[in-house]
Amino acid sequence: MALDRGPAMPAVLHDERRRLEPDTLRTLLERDPERFTRDVQEVAGLRLDWTRQRLDGPAWERLTEAAAERGVAQAMERLFRGERVNTTEGRAALHTALRLPREAECRVDGEDVVPQVHAELDRMATFVQRVHDGTHVGYTGRPIRHVVNIGIGGSDLGPRMVCRALAPHARATREGAPLALHFVSNIDGAALSSVLREVDPETTLFIVASKTFGTLETLTNARAARAWLLRHAPDAGAVARHFVAVSTAHERVVEFGIDPENMFGFWDWVGGRYSVWSVIGMPVALQLGMDGFRAFLGGAHALDEHVRTTPLRDNAAVRMALVDWWNQNGLGAEARAVLPYDERLALWPAYLQQAEMESLGKCVRVDGEAVSEDTGAIVWGAVGTDGQHAFYQLLHQGTRLIPAEFVGVARPEHDLPAQHPLLLANLLAQAEALAVGRTETEVRAEMASEGQTPEAIEALARHRTFPGNRPSTVILLERLDPATLGALIALFEHKIYVLASLWGINAFDQWGVELGKQLAGQVMQAFDAADGDATARDPATRATLEWLRPRLPVARGD
Ligand code: F6P
């Protein structure tokens with residue numbers, strides 16, 4: 001059975017594609033003025049604009065009907081009700097419960113989880129307060145100034161992205177300045193080493209963030225950080241003041257040597273890439289203060305309520321998912337470019353890469369059968385204006401269809417606001433250029449009006465033509481504050497789940513990362529020429545091992 005890809009196009013997408021074939025975005029934008037009300041939606045501080053998608057009213061209707069037929073509404077109910085939607089791991093996926101208000105109720109196996117969630121948030125609040133007011137001090141009695149989050153994947157990307165995005169909202173501690181936040185994820189010693197050069201052991205708090213507390217990269221870096229601390233501190237008692245753990249794995253945390261008093265917990269029904277709302281968000285809470293963190297949760301909850309209570313046709317997450325489904329499975333796009341026009345959102349593409357590609361990169365359905373359609377898109381991107389001077393050429397004139405997803409913020413938060421209209425003008429210009437393009441006739445007319453010679457026009461007109469008809473979504477935020485960012489992330493989480501429901505796949509497992517982890521352990525053993533058995537490795541790995549062995553003294557323990 002070939003499981004690699006499922007190229008079939010669902011009938012509804014096939015029919016709509018044929019019907020819309022004669023139209024381009026130019027003609028759709030001209031002949032379908034309703035799109036400017038129908039295809040723009042404001043929710044929880046987000047303005048979602050799908051007017052530059054190659055869809056019209058009837059297509060939206062049919063796609064929505066197809067979503068209903070594929071049971072998206074029922075799938076949504078199962079998610080919010082705490083059913084075990086993560087079938088291969090037998091777990092619920094209740095990131096929505098992490099942002100429920102205190103008075104709400106949500107049951108997993110008959111037990112209301114909301115009190116546990118708020119108890120842990122309250123512990124987190126106490127800790128954040130103690131760090132901020134200088135009650136929690138380092139081994140010499142000095143207050144904490146630096147926070148180093150050691151984690152990877154979902155235990156890194158969420159808090160790292162959010163802390164960067166919300167840096168202007170950072171709260172000063174009693175010392176008069178916000179905490180300096182650092183993130184270490186890579187097992188490459190260069191990452192931790194460069195952070196350790198910047199921080200002072202007396203005033204640094206390490207957060208060891210790992211859902212499983214079994215992740216090689218994180219534990220290796222955490223051990224190295226502890227050894228560094230103990231090289232400076234007078235005794236091992238310092239570890240309790242300088243290390244906290246955020247994890248679901250109580251025993252492993254204790255085994256590592258972190259006092260349970262200094263552990264903040266969450267639950268197996270929180271997926272790693274959906275965990276920024278839990279104590280994994282500790283760096284965010286330390287940066288913003290607990291009020292800011294609760295506002296972040298509140299924004300996500302507002303979006304949850306929209307998604308939970310809104311019929312499919314007006315449901316923002318469903319519409320986001322239908323656009324992706326259409327572009328990928330209907331128009332054949334394999335990738336999506338994620339293009340934030342805001343420095344604060346520089347890590348948004350990396351964050352979405354894990355959220356989407358780890359959730360949707362599946363070739364087997366929940367029922368064990370091979371998928372029949374292509375699933376998760378290749379998500380990539382970078383901040384907008386930098387990208388314009390790097391890879392946009394391919395977006396505009398390349399041979400592939402790569403839908404774009406722009407994100408911009410109406411209000412800047414820096415002291416050069418005069419530049420902001422220029423930034424957003426670029427965003428809009430790019431969306432227009434992709435959609436409308438420039439015909440050869442227009443190029444020729446423009447070149448003629450510039451006084452160019454007929455020879456020059458002949459030589460260049462086709463090179464300067466833009467095919468257009470390249471779809472994009474424009475997401476604008478009123479402002480980039482904790483609540484609005486919470487809503488934005490929650491929107492994408494729900495979109496991912498809707499796509500998974502359309503394809504019949506599990507959005508919450510990640511078996512595809514396991515083989516590499518397992519092999520890394522075996523390769524590591526094989527590095528050792530004396531004891532290592534390389535014969536079990538494939539010939540290509542063996543050959544590379546032979547080359548590397550004499551060059552890797554540290555890995556060989558020399
Ligand atoms: O290897 C992938 C992964 O399992 C992600 O799903 C997860 O976010 C990351 O590793 C880190 O896992 P942990 O939080 O358990 O250290």
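Tell me, yes or no, whether segment 74-92 has at least one residue that is touching a helix residue (DSSP H, G or I) at 6+ places or on another chain (Cβ under 8 Å), of a type in the set (D, E, K, R), part of a helix (DSSP H, G or I) and open to solvent by 30 Å² or more (accessible area, probe 1.4 Å). No, segment 74-92 contains no residue that is touching a helix residue (DSSP H, G or I) at 6+ places or on another chain (Cβ under 8 Å), of a type in the set (D, E, K, R), part of a helix (DSSP H, G or I) and open to solvent by 30 Å² or more (accessible area, probe 1.4 Å). When you check I496 against the structure, is it modelled with pLDDT of 95 or more, assigned by TED's automatic domain parsing to the domain that holds S372, among the aliphatic types (A, V, I, L, M) and within 16 Å of the ligand (Cβ to nearest atom), yes or no? Yes. For segment 231-260, give me each residue that is acidic (D, E) and over 15 Å from I207 (Cβ atoms). Scanning segment 231-260 gives D235, E251, E255. The requirement of being within 30 Å of A68 (Cβ to Cβ), open to solvent by 30 Å² or more (accessible area, probe 1.4 Å) and of a type outside the set (D, E, K, R) is not satisfied by P234.
Of the conditions (1) closer than 23 Å to V254 by Cα; (2) within 16 Å of the ligand (Cβ to nearest atom), R130 fails just one. Which one is it? Of the numbered conditions (1) closer than 23 Å to V254 by Cα; (2) within 16 Å of the ligand (Cβ to nearest atom), the odd one out for R130 is (2). Within segment 496-511, if we keep just the residues that are β-branched (V, I, T) and part of a helix (DSSP H, G or I), the residue that is farthest from R78 (Cα to Cα) turns out to be I496. Which of the residues spanning segment 270-287 are open to solvent by 10 Å² or more (accessible area, probe 1.4 Å) and within 14 Å of the ligand (Cβ to nearest atom)? Within segment 270-287, G271, G272, R273 qualify. Screening D122 with (1) open to solvent by 50 Å² or more (accessible area, probe 1.4 Å); (2) touching a residue at least 24 places away in the same chain (Cβ under 8 Å) gives one miss only, at (2).
The residues of segment 125-143 that are open to solvent by less than 70 Å² (accessible area, probe 1.4 Å), among the β-branched types (V, I, T) and assigned to a helix (DSSP H, G or I), listed by number, are V128, V131.
Considering (1) out of contact with any Lys or Arg (no Cβ under 7 Å at 6 or more places or on another chain); (2) in contact (Cβ under 8 Å) with a residue 12 or more places away in the chain, the lone condition that A321 does not fulfil carries the number (1). Among the residues examined, A59 does not qualify as part of a helix (DSSP H, G or I), of a type in the set (A, V, I, L, M) and surrounded by fewer than 17 Cβ atoms within 10 Å (Cβ to Cβ). Checking each residue in segment 288-307 for being farther than 14 Å from T96 by Cβ and surrounded by fewer than 24 Cβ atoms within 10 Å (Cβ to Cβ) picks out G289, M290, D291, G292, R294, A295.
Yes/no matrix, rows are residues, columns are (1) over 18 Å from A165 (Cα atoms); (2) within 16 Å of the ligand (Cβ to nearest atom); (3) open to solvent by 40 Å² or more (accessible area, probe 1.4 Å):
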{"site": "W348", "(1), (2), (3)": "no, no, no"}
{"site": "Q353", "(1), (2), (3)": "no, yes, yes"}
{"site": "C363", "(1), (2), (3)": "yes, no, yes"}
{"site": "V379", "(1), (2), (3)": "yes, yes, no"}
{"site": "L394", "(1), (2), (3)": "yes, no, yes"}
{"site": "L422", "(1), (2), (3)": "yes, no, yes"}
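Examine segment 38-54 for a residue that is assigned to a helix (DSSP H, G or I), at pLDDT 95 or above and open to solvent by 50 Å² or more (accessible area, probe 1.4 Å), and state whether such a residue exists.
Among the residues of segment 38-54, at least one is assigned to a helix (DSSP H, G or I), at pLDDT 95 or above and open to solvent by 50 Å² or more (accessible area, probe 1.4 Å), which makes the answer yes.
One residue stands out in segment 173-189 among those that are open to solvent by 50 Å² or more (accessible area, probe 1.4 Å) and either hydroxyl-bearing (S, T, Y) or farther than 15 Å from T203 by Cβ (or both): the one that is farthest from the chain's Cα centre (by Cα), namely D188.
The residues listed here are A209, A165, A224; of these, the one that is surrounded by fewer than 21 Cβ atoms within 10 Å (Cβ to Cβ) and either closer than 20 Å to E413 by Cα or in contact (Cβ under 8 Å) with a residue 24 or more places away in the chain (or both) is A224. Would you check if G332 is open to solvent by 10 Å² or more (accessible area, probe 1.4 Å), away from the ligand (no atom under 16 Å from the Cβ) and touching a residue at least 24 places away in the same chain (Cβ under 8 Å)? For G332, the condition - open to solvent by 10 Å² or more (accessible area, probe 1.4 Å), away from the ligand (no atom under 16 Å from the Cβ) and touching a residue at least 24 places away in the same chain (Cβ under 8 Å) - is met.
The values are calculated or read from the model by the stated rules, or taken from the named source; none is laboratory data. Since this is a predicted model, take the numbers as computed values, not measurements. As a convention, Cβ positions derive from the backbone with ideal geometry for all residues, glycine included, and neighbour counts pool all protein chains shown. Note: accessible area is taken over every heavy atom of the protein model, side chains too, but ligands, DNA and RNA are not part of it. Shrake-Rupley method; radii C 1.70, N 1.55, O 1.52, S 1.80 Å.
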